[in-house]
Structure formats: C-alpha cells, structure tokens
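Read through the structure below, which is laid out as structure tokens, and then see the notes.
The values are calculated or read from the model by the stated rules, or taken from the named source; none is laboratory data. Every value quoted in this text rests on a predicted model; they were computed, and no experiment measured them. Glycine gets a Cβ as well: all are built from the backbone with ideal geometry, and neighbour counts include every protein chain shown. For the accessible areas, the whole protein counts, side chains as well, though only heavy atoms, and no ligand, DNA or RNA atoms are used. Shrake-Rupley method; radii C 1.70, N 1.55, O 1.52, S 1.80 Å.
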Amino acid sequence: MGIVGAGPAGLLLSHLLARQGIESVVLESRSREYVEQRVRAGVLEHPTVELLREVGLGERLDARGLPHEGISLRFDGGDHRIDFTDLVGRGIVVYGQQEVVKDLIAARLADGGEIRFEVSNVRIDGVTEDPLIHFDDGSPQEMHCDVIAGCDGFHGVSRAVVPHTVFDRLYPFAWLGILAQAAPTHHELVYAGHARGFALYSMRSPEVTRLYLQVPPDTDADTWSERRIWDELGVRLAADGFTLNEGPLIEKGVTGMRSFVAEPMRHGRLFLAGDAAHIVPPTGAKGMNLAVADVRVLAEALTGLLRHGDETGVDAYSQTCLRRVWRAEHFSWWMTSMLHMGEDDDPFTRRLQLSQLRQTVSSRAAATTLAENYVGLPHGSI
Ligand code: FAS
Ligand code: PHB
C-alpha cells in the first residue's frame, strides 16, 4: 500500500503494518535529515509509550526519555501540582518527536522497509476504483495501491481528495518556542497563566530546556532577541524558589494556534491520519499522540481488510478515530482557554480563567479529569 508522509503517523503505520506482514511504500517530500531534525512535540502519552514499547521501539525511548509523574499549573503567584500518579496511577514521558521519528526510520530501514525521501509532485487519484499515486523521484512515477494512507500533515495533498466538512477555530495568539542549551532547573513541566501571557517550561534532556511564550498571532520570531525572550520568560515563570538557566538558543520558531477537524477521515480506499485530518493547539500535548492513536486503529482495520477481507474495521475507522479526536480537541481547547491570558483580555474572561484554574487545582475530581486526559485515555476506552 502507499503512505504519503514520513512523520510519526506515516512511519508508525508502516511499522505496524509490516508487523502484520503488510508491506508499504512511504513517500516523503523532505530529506531524511530534515524530518529527523524537525523540532516539534515533546510529550508522549502513556498509551503512546506502551505501544512503542510493545512494537519494539522502546529501547532509546527508555534510555533517553524522561518519565514524569505530574505537571504544575502556575498562577496567582504560586505553583499547583497535578499529581498524575496519585490521581490516575500513570504518567507521561518527555521524549522529542524527532527522536521518535529517528527510531521509526531506523526500524523501517533495518526491516527492509521502503521510504522514498525528497519526492515531489505527489498526486492521488482513483481512490474509489483503482487507487493510484503519481509522484516524481527524479522521473515521473505511478504507484498502483490497494489502499492509500494520507499521513502528509496539515499542509499535505491528501485531505483535498476527501470530500469533507471542516470544523475549526483560530486563536488570537501563537507560541514562540525555543530550544536552549541550558540545563533544566525543574524536573517537571510548568504551565504558567500569567496576566502578561502564557508561558510553558519544558525540557528535552538534562542539558536542553524547551520553552514557549504566548505571542500575537502574526509574530515574526526575528523580532524577539534572546535577551527579550529570557526576560519575558523570567517574568511569566517567576515563582518562589524557581530559577531559569539561560543558554544559547538551538532553535527558535513561532507556531500558530488552531483547532481543526476534517470529517470524515476516509474516502473510498484513502484514509487520513494525524495532522492531515486534525490539528490541536499544543497546550494539551495531544498532536503527535493523536497521530499515533489514529494509525493504531488504521493498522488494525487494514490488517482485517487486506489479510482477511473483513471491512468492519475500515468502515468504522473514521467514527472510531473521531471520538478520540474530539475528546482531544475539547481538552486542548479547554487547556488553551484556561491558561492564555493577555493584557488586553476583558476582565470578565480573566476572572473566569482564574476561577477555572482554582477549581482545577482544589477539587480532586477536577484535577483527576485533567490528569486522565493529559496522560492519555487507554486505547479502546473511547
Ligand atoms: P507531520 O506533519 O509530522 O508529518 C507529515 C509529513 O508529510 C511531513 O514529514 C511532511 O514533510 C510530509 N509531507 C507533507 N506534504 C507532502 C507531500 N505532498 N508529499 C509527501 N510528503 C509530504 N504537537 C504537540 O503535541 N506538542 C508540540 O509542542 C507541538 N509543536 C508543534 C510545532 C510545529 C511547528 C508544528 C507544525 C506542529 C507541532 N505539534 C506539536 C504537532 C505535531 O507534533 C503533529 O501533531 C505531528 O507532527 C503529527 O504527525 P503527522 O500526522 O505524522 O504529521
Ligand atoms: C514540549 O515539550 O514541546 C511541549 C510540552 C507540552 C506541551 C507542548 C509542548 O503542551
């Protein structure tokens, strides 16, 4: 079968199918170096970690990943820890998306999998009768497929082939993200809802800190000097006993914030997975984990179809995935709305936000709701 896109969705789908004896060709427009260096997500949900371990991808993850048992919400000048282990008995692992991609590419190539990097002019045809992918890899190619998976992200070509309805929301802010060669000073993530704007403290390793600042939606990262970034982070993340190590920036970029769902996620023998079908604001750390959840369902469905002629799974694919997608969309919207304050927000909104934050950290039931959504709902539970 044909898979368009070598991000977490496309690569993991290829890996899961190969374990069922189903071969695939992955077509990727970028170079291997580019996709392995692209800095994006950092949090693996519990179900994602369990799956990667189950399918032979746990070695580097367990050696380099950082297990976390909670996060802190910082507001009203104080810290409020959400203790995942106490509330729901499981946690998350911080492990960069690019490391997951490296592990997947290495596994696919070691298993003789086919990934064609730097292809161009990908076009999908015939998905309701004879699926065909046109592309160039130095010369024009045509690849007849029994099934095609569109795993080419938000800006890919596959979604346009599916007659679909869009449900979306744009937010009046973006995130300025930095990766700094600076040792983390705190062992868990801190989400700060400051009156000047949101800030997130995260990390990648004992030497590298990952940090984000809420900025206006049209922000040019070049207008933020390193000094200005560190000063603003220092204000928004300020708390008793908290210090922030500064260091040279490895990466700096601005990510827009949107909620987006395309329904349905299937047309004929074309199946969308991951960002090709949906986008969440990263406040809930759901993006990559949703992509993993989609392809876990798709791999099971395609195994039924291609090995046993059973269409039950593929017929249920879209609605099965969309239940989890909409749960993640709501959680990501809720975390974003609760934590992104701005100096020009109306006073009523800010009091609602503070009330929501205070209830979330003072009610065990409310904290448990945050915890179970953040660490990830078990596969098949929704
Ligand atoms: P991806 O976008 O990762 O992969 C799609 C692949 O398809 C890419 O390699 C692309 O080059 C390729 N492609 C596109 N068009 C193609 C074509 N026509 N032909 C062939 N190949 C094509 N999520 C979080 O949880 N936390 C975060 O902090 C976070 N930060 C992010 C920052 C940025 C800048 C972006 C864009 C996303 C971020 N995300 C974050 C979300 C991100 O992690 C996605 O959810 C995740 O990459 C989804 O994986 P895929 O669905 O595989 O899509
Ligand atoms: C990250 O470490 O990149 C990260 C962590 C949590 C989020 C978003 C991004 O919600």
Carbon/sulfur accessible area of the chain, % of total, 1.4 Å probe, equals 49 percent
Residues of segment 169-203 with backbone nitrogen within less than 17 Å of a virtual label 7 Å along the Cα-to-Cβ line of D231, please, listed as ranges. 196-197
Binning at 5 Å from 0, report for segment 1-152 what percent of all alpha-carbon pair distances ends up in each bin. 2, 9, 16, 18, 16, 12, 9, 7, 5, 4, 2, 1, 0
If you stretched the chain out fully between T349 and A160, how much longer would it get, using 0.36 nm times the residue separation minus the C-alpha to C-alpha distance? 64.3 nm
Name the residues whose placed amide hydrogens come within less than 5 Å of the amide hydrogen of V122, ignoring near sequence neighbours (fewer than 5 apart) on the same chain. D136
When the Kirkwood radius is taken over all Cα pairs of segment 183-225, what Stokes-Einstein diffusion coefficient follows at 25 °C and 0.890 mPa s, in µm²/s? 209 µm²/s
Tell me the angle of helix 312-339 to the major Cα principal axis of the chain, expressed in degrees between 0 and 90 and rounded to the nearest ten. 20 degrees
Looks like segment 143-186, by Cα gyration tensor root eigenvalues a ≥ b ≥ c and the a/c under 1.5 rounded cutoff (else prolate when a/b is bigger than b/c, oblate otherwise), is oblate
Students often check this: by mean Cβ neighbours within 10 Å, which of 152-159, 222-229 ranks highest, and how do the rest follow? 152-159, 222-229
So what is the relative contact order for segment 267-340, in percent, with contacts set as C-alpha pairs under 8 Å and at least six apart? 36 percent
Over the chain, what is the relative contact order in whole percent, taking alpha-carbon pairs under 8 Å and six or more residues apart? 21 percent
Helix 97-110 axis, angle to the chain major axis (alpha carbon atoms, nearest 10°): 30 degrees
Under a 1.4 Å probe, what is the accessible area of segment 224-297 per residue, stated in Å²? 36 Å²
By how many nm would the segment from T369 to E114 grow when fully extended, if each residue of separation counts as 0.36 nm and the alpha-carbon distance is taken off? 87.6 nm
How big is Rg to Rh over the chain, alpha-carbon atoms, Rh as the Kirkwood inverse-mean-distance radius? 0.97
Label zone at H187, where the point sits 7 Å out along the Cα-to-Cβ direction: segment 59-81 residues whose backbone N lies under 13 Å: 66-71
Extension gain Q141-D315, at 0.36 nm per residue separation less the Cα-Cα distance, in nm? 59.6 nm
Let me see the P(r) profile for segment 2-46: every Cα-Cα distance counted, bins of 5 Å, each bin given as a percent of all pairs. 5, 19, 24, 22, 17, 11, 1
Averaged over all viewing directions, the convex hull of the alpha carbons in segment 272-382 casts a projected area in nm² of 8.0 nm²
As a test of the formula, what do you get for the chain when each DSSP H run with n ≥ 4 contributes -39,500 (n - 2.57) and the sum is divided by the residue count, at 222 nm and rounded to the nearest 500 deg cm²/dmol? -11500 deg cm²/dmol
For segment 369-382, take each phi angle, set θ = phi - 60°, evaluate the Karplus expression 6.51 cos²θ - 1.76 cosθ + 1.60, and give the result in whole Hz per residue in order, putting x for glycine and proline. 4, 4, 4, 5, 6, 5, 6, x, 7, x, 4, x, 8, 9
Label-point separation in nm, A195 to T128, each point 7 Å along Cα→Cβ: 5.8 nm
For segment 1-111, what is the accessible area per residue in Å², given a 1.4 Å probe and the full set of protein chains? 37 Å²
Round to a whole angstrom and tell me the spacing of the C-alpha centers of segment 170-209 and segment 62-93. 14 Å
